[in-house]
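The structure under discussion appears below in the form of structure tokens.
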Amino acid sequence: YLSSNKRVLSASIQVLFCHQLASALEYLHSKNYVHRDIAARNALVSSPQCVKLSDFGLSRALDYDAVYTASRGKLPIKWLAPESILYRAFSMASDVWMFGVLTWEIFAWGVKPWVGVPNQEVCGRIESGERPKKTSDCPEALYDFLVHHTWAFEAHKRPVMSEITRILQEMLEQLKRWVRPENLRVSRKTSGIPVIRTNIDSLPNLTLWRTMEEQRRQAEE
């Protein structure tokens, strides 16, 4: 739908789609579920101005430590957060990463992320600081938000979906005031973006975050 309607879909509609999907994911998280397969292929077009999040086959309820570990099955590597690739660990924060990739897909007119990059190289590129390149039609402010927040390497630094929904709503309101896409701004409230907090000390069985922190420290050294 995105690729075949590229000539008629405006930036306002693209941001509207992102906002609708963000609202859907925010609702799912409010019920303590993670989706685990957020991508453009799982967004259905209900009408020219309405999309819906679908395909809950990989969705899981979160347990007490807010992380679901997949034991088997194929995973969509190029959409996954680094902790999901490395440890098959899924959380609301990993959903946020995938939502960032979905947003990128919408502004790339349905092009898949990491085109030409083998699956086995994706995580290494992410660890080195590389992210999907900005597409020509993606507003600068939105891309910066993806890179610096939704695609933060450390899961606990990513924003919660309610904050992402708010930011997209503000962008929609700017577009309704005829602000050009290249002039869109993200509210200064983002300096204090609510993020998903995990008290590592209270989760002795959750070694993922300790391992990643140690890897980060070693990489800096």
statement: Burial-style ranking of 19-25, 41-47, 134-140, average other-beta-carbon count within 10 Å with highest first, yields 19-25, 134-140, 41-47
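Could you tell me the calculated FRET efficiency between Gln169 and His148, based on Cβ-Cβ distance and R0 = 22 angstrom, to the nearest 0.05? Walk me through the numbers on the way to the answer.
On the way: r = 19 Å, r/R0 = 0.88.
E(calc), rounded to 0.05, equals 0.70.
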task: Give the peptides 117-127, 2-12 in descending order of average Cβ contacts within 10 Å, highest first.
output: 117-127, 2-12
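If you place +1 on the Cβ of every Lys and Arg and -1 on the Cβ of every Asp and Glu, how big does the dipole about the Cα centre of the range 90-163 come out, in debye to the nearest 20?
With only Lys, Arg, Asp and Glu charged at Cβ, the dipole is about 100 debye.
We did not get these values from a lab; they are worked out from the coordinates using the rules stated. What you are looking at is a predicted structure, and each value in this text was computed from that prediction instead of being measured. In this analysis, Cβ positions are derived from the backbone assuming ideal geometry, glycine residues included, and neighbour counts consider all displayed protein chains.
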